[in-house]
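Participant: There's a structure below that I have some questions on.
Read the figures in this text as sums done on the coordinates, not as results from a lab. Because the structure is a prediction, the values reported are computed rather than measured. Cβ coordinates were reconstructed from backbone atoms using ideal geometry, including for glycine residues, and neighbour counts include every protein chain displayed.
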Amino acid sequence: MRIKNCKPSGKVQGKLLEFFVAGTTARTAASILGIHRNSAVRFFRKLREEIAKKQEERSEKFFGRVGIDESYFGGVRKGKRGQGAAGKIPVFGLLKRGGKVYAQIIQKTNAESLIPIIREKV
């Protein structure tokens, strides 16, 4: 898989993809491959964007029993945790029992922003 407008060569992108799938951080992958950390960070970000784009294209309705939840990603561990922590990004997810998952970055975790997503997907 080749990400367009990304500096690393195809071979390096392949290795970065392996590290991404393994759950390695971009900084660690860059260190191992001997490339600048910003190149790895940019590649990981573009890869996430491509995954999100594909997920939007495959947008299917969920039916039956569906689990919903929100979570917070990013930020540092110091200080407040959870909803009010600085630098965290709220992500809302739907899980169909048996494997299908839908996740979306949201601005607020209130009913006004979540109910339209639920109505659209379920």
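Participant: Between their Cα atoms, which of Lys15/Lys61; Lys54/Lys108; Lys54/Lys88; Lys61/Lys88; Lys15/Lys100 are more than 32 Å away from each other?
Facilitator: Lys15/Lys61
Participant: Measure off 7 Å from each Cα along the Cα-to-Cβ vector at Lys15 and Tyr72, then give the distance between these two points in nanometres to one decimal.
Facilitator: 3.7
Participant: Something else now. Could you calculate the contour length gain from Ala111 to Lys46, that is, 0.36 nm times the residue separation minus the distance between their Cα atoms, to one decimal place in nm?
Facilitator: 20.4 nm
Participant: Still on this structure, please answer the following. Compare the peptides 108-115, 29-36 by average per-residue count of other Cβ atoms within 10 angstrom and give them in order, highest first.
Facilitator: Output ranking for 108-115, 29-36: 29-36, 108-115.
Participant: Return the lysines within reach of Lys11: Cα separation strictly under 17 angstrom, same-chain partners fewer than 8 residues apart disregarded; answer none if there are no such residues.
Facilitator: Excluding near neighbours in sequence, the set is Lys46.
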